[in-house]
Amino acid sequence: MTDSSTNMRLKLPIVCFILEIILIILFGVLVEYDHDTDARDFHNMSHHDYENDFYYRYPSFQDVHVMIFIGFGFLMTFLQRYGFSSVGFNFLIAAFSLQWATLMQGFFHGMHGGKIHIGVESMINADFCTGSVLISFGAVLGKTSPIQLLIMAMFEVTLFSVNEYILLSVLGTKDAGGSMTIHTFGAYFGLMVTRVLYRPNLDKSKHRNSSVYHSDLFAMIGTIYLWMFWPSFNSAVTAHGDDQHRTAMNTYYSLAACTMSSYAMSALTAHDGKLDMVHIQNAALAGGVAAGTAGEMMLTPFGSMIVGFLAGIISVLGYKYLTPVLEEKLKIQDTCGVNNLHGMPGILGAIVGAVTAAVATKDVYGEGLHDVFPLVAEGKREASVQGGIQAVSLAVTLGIALIGGLIVGFILKLPVFGAPPDTICFEDNIYWEVMITAANQLPLQPPGGGVTPAVGYQCQ
Amino acid sequence: MTDSSTNMRLKLPIVCFILEIILIILFGVLVEYDHDTDARDFHNMSHHDYENDFYYRYPSFQDVHVMIFIGFGFLMTFLQRYGFSSVGFNFLIAAFSLQWATLMQGFFHGMHGGKIHIGVESMINADFCTGSVLISFGAVLGKTSPIQLLIMAMFEVTLFSVNEYILLSVLGTKDAGGSMTIHTFGAYFGLMVTRVLYRPNLDKSKHRNSSVYHSDLFAMIGTIYLWMFWPSFNSAVTAHGDDQHRTAMNTYYSLAACTMSSYAMSALTAHDGKLDMVHIQNAALAGGVAAGTAGEMMLTPFGSMIVGFLAGIISVLGYKYLTPVLEEKLKIQDTCGVNNLHGMPGILGAIVGAVTAAVATKDVYGEGLHDVFPLVAEGKREASVQGGIQAVSLAVTLGIALIGGLIVGFILKLPVFGAPPDTICFEDNIYWEVMITAANQLPLQPPGGGVTPAVGYQCQ
Amino acid sequence: MTDSSTNMRLKLPIVCFILEIILIILFGVLVEYDHDTDARDFHNMSHHDYENDFYYRYPSFQDVHVMIFIGFGFLMTFLQRYGFSSVGFNFLIAAFSLQWATLMQGFFHGMHGGKIHIGVESMINADFCTGSVLISFGAVLGKTSPIQLLIMAMFEVTLFSVNEYILLSVLGTKDAGGSMTIHTFGAYFGLMVTRVLYRPNLDKSKHRNSSVYHSDLFAMIGTIYLWMFWPSFNSAVTAHGDDQHRTAMNTYYSLAACTMSSYAMSALTAHDGKLDMVHIQNAALAGGVAAGTAGEMMLTPFGSMIVGFLAGIISVLGYKYLTPVLEEKLKIQDTCGVNNLHGMPGILGAIVGAVTAAVATKDVYGEGLHDVFPLVAEGKREASVQGGIQAVSLAVTLGIALIGGLIVGFILKLPVFGAPPDTICFEDNIYWEVMITAANQLPLQPPGGGVTPAVGYQCQ
């Protein structure tokens, strides 16, 4: 079943070892504990222990961590026999990306005497960057080898960091929950990669590109965790105090409203009024994406609910009507529909953020304006200019994502990376030890291919 | 398989859209950030960021949030083909309830200049109220349409808020973990609803009212999360400091003792000594319910363990001997056995709370008496009176729950809400897109019905 | 299917009731709230609420709690029909162990006027001790009755507390994340128990000692939770401030590097380059174990990554080459391969800890040296001596674990405890109510045994 090109016996160990050894060397040369993690530095000043940033960020970090590893990992287990790969490759590329992101983000966010200083905030940011890679993974799910994914992650983390640097450091854009930097970037990068990797004969694996009953329940584990912890995601790196508090609450209400509109639209667009698991698993999360930029602003729960409500509608409509068009007309095979969950809701979030920023006033924010829009508070920038820059940031993000995805897509086409053939996509057995037995019948060939008897899976 | 009355194509979108639009309008008119979430207000005073309530409540909130969406949602996936509905309807009605509860609780808990002020504590309270609705959902599980559930949630949230207002604000009752307000209320409300909705021909769906191997494992995810995070649940809204700390610890030991007695009773009551998954999934949690009122008091770990120990025994006995009687004699078809997990343990918790309150002394609580029993500490009420009022509160709760459930049950009988027929209860396929295939055999008709060939489930 | 000796009808209730009643009595006599959980004591001093230890430890406690109940419980569900027992017995013995550990650790850690004082830190320590028991459970998984497990837990908790007392209190060893006290101890205790309980005819149950597709996905839930929350585990009881912060971060990077090397080694050691779920589920966690001792020290992310990298390699090699040898040559039937996940990585962690301690200097740690190595900071001990004592502690731990396991193993051989026969190991049906139906075929006899028709599982 595995031919030599997809055999990972030497390729995967070589890639993993080389990457990890490079990472270890670079960490040895470049990385240092920051003030709050260093035994000497933290004790040098008369700090109280409870002022350590650990206590303000770590619970949020762990929620984000769960979203990255359980949330994204299990969300993608909906495919009937790609569960090992969904959770397992998610695990692998996330473990790599968070290390690489520590270096890349540290490099761009400003070195301290030639050193990258790290602590809980950099851990959150590394997880955020990883999230972007996992969004792109969703677009190419089932059609790539683990080596392709690692290579993609390497480039994407780098480009993510460049884009993040331009937005946050150069332009002074606000995007705490990453509607632009994480979701829009990850989605359109991934969509471009999958466009370049277009497989005209993917329908040979079509019978596996679907769910079974229990695989949909596993996927719901991912969905619910993403949904629950999204308030922590959006608030994880905002300023302390009311900012974190407000961001979490705005996101909470955005998600709740989004869930209502997702269920409504799912029933409305079905020919027999039955709910579609794909919509529930994905569209109900769009409210978190769409609150990513404006969540820390004085959006109000009212505004958050409107945003979430619209995001759910847009997302279901995308799954129902846009995804088939993208595949047929634009040759974009978007396995998880990341355009509907991260792409369009991310753009919506960016626009909402731009508008909310443009109308920010000292009257509404009081002294809190320094936390949210420091340049505006200091009089260095008009609120309307801030709004315009937010909009420009969306264009920059789209540009870097699309061009980056284009280039990386062509790199991934190199035959040496062991991509699966068109007939064995969406299939764990090609990269994982999966024993074949008489239970869980599903032929490797589509029904009517007439070759393989009904076989299933059992591990030994 | 779906006739016109259960078709949700228009009904569900209409209900969801109307409810959500009403919610958004009411939020726009009535809801404001509270002091700790408002950018201006929080910065107006010389607060340190670490004094923001976010840092004292948000980790508990997230634990409660997991209980509501993962805990309740997956606990109910034990049914062999009602997993989509268990997690999915749980998701829908919770998303609705938490918004509606914000308004109802805000209205009753006291408006500020005509506005409802919200923050992390109101988010926890909204989740608590939602929990009560989900308990009632457990009683009617498998026998209701999503519209019926939304209508039930709308009324139940309202009545919950009335009862909570009477107890906490009028009577000065202590019930931080909601033995009465959440568990007793939710259970007896739901039991009365399911009584009114009695289906004499439910045995036509009996073959689906059971678990399969992996559905029981999914349910254990729910159980374990509820069990682990119950200490956070009971302590989420108690006073800061020793109160939260003590409540969490009391609950931890109550649950541990309860688990021991649940296993013991499960083996003891089985004819062949084999453990019953139903008991483990449910009875082991009764210790959390029973510590809901007294958990914040000086119950001591010793007292907590006795309470949990008894709760486990009562709960297993209920599942084994009482549930069949309730169904046969009283026509109460309690799918999840909420009487055994939430009802009787809730009453036990209320009684324990009344007794513990009655013996509270300044000698034991010191200045901490102000946190737990402010009226007693201020000399406005004798401890014994507090105990009596706790007992009265149980009666009030039972009264409102039963009368409320009666009325709401009759409302839900209106044929327009699309309830499933007796032959298609406990079945996802009626409201969810579930492809039928040759795997996972289970006929829609009971064995011997002779009509349907062996068919199963596969999504596309 | 169950003969009288394995019937738990009376045995299990008797054991559970006796144990729990003893626990309750001892708690009543010996246990008191500590300063931060007692209403009077906490209010006696002019403490701010935010200084209560609850806010510094409880989020970590809950992460540890998830590792104990979800992490360990689901990790062991990989067996195809031992899921109920894996999660369920894990639940039972953990609920018992945490109560018993509270008493044993309280007794050894120092009584206060004849009383054991408990709070969130003792809860974490009780969970830690429980973790050690669950590691041993992994070694005997599928081959023991619940009564044997409770008896084992009773003795193991006691011996764990003795060993922990010798290390932490007598020798002044540092082992915050328990590379020695938890992992090495639990692994070698369990390995010795399973050696004594050697079953020469275990291959009669060999066909059940393997996974199926979805059981491996359930196991990944356990793996990922253990992986994500290991930073909280290692940092849960370190000193506040930079210590907790640094420990969590070191562990984070150790695990990431470990995941990379685990994937590499899994592909490299497979004959066809396919990844093995056993390696991913287990070896990727070895980085957490190996950072258990040195995690709180100034190991640096660089050092942590090297440790994790090596741990992953050692662990996969252990699964691939050592486990079969242990079984064939040494008659150690290690179901979960705890030697590879906890044993060898624990020893590695102890050695790394000894070396890191030996090179600790005031120059590197500054005033923080008091937190990490108080005896060295106070000039009572040279750093090199501390390193030597760390190494001695490993030997002490191994000694107590092996001798303890030997004795307890022989106790568990008493026929009265209802161990399963060789033909019905790795099987839920012997202790759990599991309905047999035509789905999920797997014969109780091995294929070719010729007796049992293809039957499966369905609960009612």
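Neighbours of A:His342 by Cβ distance under 15 Å: Lys/Arg scored +1, Asp/Glu scored -1, total -3. Ranked for footprinting exposure by Cβ neighbours inside 10 Å, fewest first, C:Ser261, A:Ser262 give C:Ser261, A:Ser262. Scaled against the 2.2 N^0.38 Å expected of a compact globular protein of N residues, the Cα radius of gyration of the stretch B:379-424 reads 2.03.
Shown for C:Thr247, B:Thr269, C:Thr323, C:Thr144: other C-beta atoms within 10 Å of each C-beta, ranked fewest to most, produce the order B:Thr269, C:Thr323, C:Thr144, C:Thr247. Against chain C, whose longest principal axis is taken from its Cα atoms, helix C:344-358 shows a tilt of about 10°.
Using per-residue counts of other Cβ atoms within 10 Å, averaged over each peptide, order B:414-427, A:372-385, C:96-109 from highest down. Don't skip to the end; give the middle numbers.
Details: B:414-427: 17.6, A:372-385: 15.9, C:96-109: 23.9.
So the order, starting with the most tightly packed, is C:96-109, B:414-427, A:372-385.
Working ranking of peptides B:12-25, A:215-228 by packing, defined as the average number of other Cβ atoms within 10 Å per residue, highest first, is A:215-228, B:12-25. Nearest chain A C-beta to the A/C rotation axis, reported as residue and distance in angstrom, is A:Pro59, 3.
What is the sum of charges around A:Pro420, taking Lys and Arg as +1, Asp and Glu as -1, for the other residues whose C-beta is under 9 Å from the C-beta of A:Pro420? Each step should come with its number before you reach the end.
Values: positive: A:Lys143; negative: A:Asp422, A:Glu427.
Its environment carries a net charge of -1.
Distance distribution P(r), the stretch A:1-141, all Cα-Cα pairs, bin width 10 angstrom from 0: 11, 31, 33, 17, 7, 1, 0 percent.
Summarise the partner chain shielding of A:79-89 as one whole number: the mean count of Cβ atoms from other chains within 10 Å of each residue's Cβ.
What the average comes to for A:79-89 is 4.
Derived from the Cα gyration tensor, the three semi-axes of the equivalent ellipsoid of the stretch A:73-151 are 29, 11, 9 Å, largest first.
Over all residues in C:407-416, what is the mean tally of Cβ atoms on other chains that come within 10 Å of each residue's Cβ? Provide the component values of the computation, followed by the final result.
Numbers: counts 0, 0, 0, 0, 0, 0, 0, 0, 0, 0.
Going residue by residue through C:407-416 and averaging, the value is 0.
Please say if the stretch A:119-243 is rounded, prolate or oblate, where rounded means a/c under 1.5 for a ≥ b ≥ c the square roots of the C-alpha gyration tensor eigenvalues, and otherwise the choice is prolate for a/b larger than b/c and oblate otherwise? Since a/c reaches 1.5 but b/c is at least a/b, the shape of the stretch A:119-243 is classed as oblate. Each pair of Cα atoms in chain C enters the Kirkwood radius, and Stokes-Einstein at 25 °C and 0.890 mPa s then converts it into a translational diffusion coefficient of 109 µm²/s. What separates the Cα centres of the stretch A:225-261 and the stretch B:51-110 is a distance of 14 Å.
Averaged over the residues of B:60-66, the number of partner chain Cβ atoms lying within 10 Å of the residue Cβ comes to 6.
In whole percent, what relative contact order does chain A give with Cα contacts below 8 Å and a gap of six or more residues? Across chain A, relative contact order equals 21 percent. What is the angle, in °, between the Cα long axis of helix C:120-140 and the longest principal axis of the Cα atoms in chain C? Nearest 10 is fine, range 0 to 90. Once rounded, one gets 30 degrees. Projecting the Cα atoms of A:Ile25, A:Phe107, A:Asn7 onto the charge dipole of chain A (Cβ charges, centred on the Cα centre) puts A:Asn7 farthest toward the positive pole.
For chain C, what is the calculated [θ] at 222 nm in deg cm²/dmol (nearest 500), taking -39500 (n - 2.57) for each run of four or more DSSP H residues and dividing by its residue count? List each step's numbers first, then the result.
On the way: 19 runs with 265 residues, N = 460.
About -18500 deg cm²/dmol.
Once you sort the root eigenvalues of the Cα gyration tensor of the protein assembly as shown as a ≥ b ≥ c, which label holds: rounded (a/c under 1.5), prolate (a/b larger than b/c) or oblate (the other case)? Since a/c stays below 1.5, the shape of the protein assembly as shown is classed as rounded. Between this copy and the others, label points of B:Met435 are 2.8, 2.8 nm apart in ascending order, each placed 7 angstrom from Cα in the Cβ direction.
What is the antiparallel percent of DSSP beta bridges lying wholly in the protein assembly as shown, to the nearest 5?
Details: 10 of 22 bridges.
Once the DSSP bridges in the protein assembly as shown are tallied, antiparallel ones form about 45 percent.
Label-point distances for A:Ile407 to the equivalent site in the other copies, using a point 7 angstrom along Cα→C-beta, read 6.7, 6.7 nm when ranked shortest first. Comment: the Cα-to-Cβ extended label point of C:Tyr198, at 7 Å, lies 6.5, 6.5 nm from its counterparts in the other copies, nearest first.
Across the stretch C:1-152, the relative contact order, built from alpha-carbon pairs under 8 Å that are at least six residues apart, equals 31 percent. Its residue count N sets the reference 2.2 N^0.38 Å, and the alpha-carbon radius of gyration of the stretch B:307-420 equals 1.43 times that reference. Positive contributions from Lys and Arg (+1) and negative ones from Asp and Glu (-1), summed over other residues with Cβ under 12 Å from the Cβ of B:Met228, come out at -3.
Let me have the relative contact order for the stretch B:216-309, percent, based on Cα pairs under 8 Å that are six or more residues apart. Present the calculation step by step, with values, prior to reporting the outcome.
Details: 146 pairs, mean separation 35.0, N = 94.
Over the stretch B:216-309, the number comes to 37 percent.
In terms of other Cβ atoms within 10 Å, C:Tyr431, C:Tyr365 run from fewest to most in the order C:Tyr365, C:Tyr431.
This model, with +1 at the C-beta of Lys and Arg and -1 at the C-beta of Asp and Glu, gives chain B a dipole about its Cα centre of some 1540 debye. Relative to the longest principal axis of the Cα atoms of chain C, the long axis of helix C:146-164 makes an angle of roughly 20 degrees.
Can you pick out the pairs among C:Lys143/C:Lys274; B:Lys143/B:Lys204; C:Lys206/C:Lys320 whose Cα atoms lie more than 22 Å from each other? Among C:Lys143/C:Lys274; B:Lys143/B:Lys204; C:Lys206/C:Lys320, the Cα-Cα distance tops 22 Å for C:Lys143/C:Lys274. Put a plus charge on the Cβ of each Lys and Arg, a minus charge on the Cβ of each Asp and Glu, and nothing anywhere else: the dipole of the stretch C:129-241 about its Cα centre is then about 420 debye.
The numbers here are math on the coordinates, done by the rules we state, and not lab data. Since this is a predicted model, take the numbers as computed values, not measurements. Backbone-built Cβ (ideal geometry, glycine too); neighbour counts: all protein chains shown.
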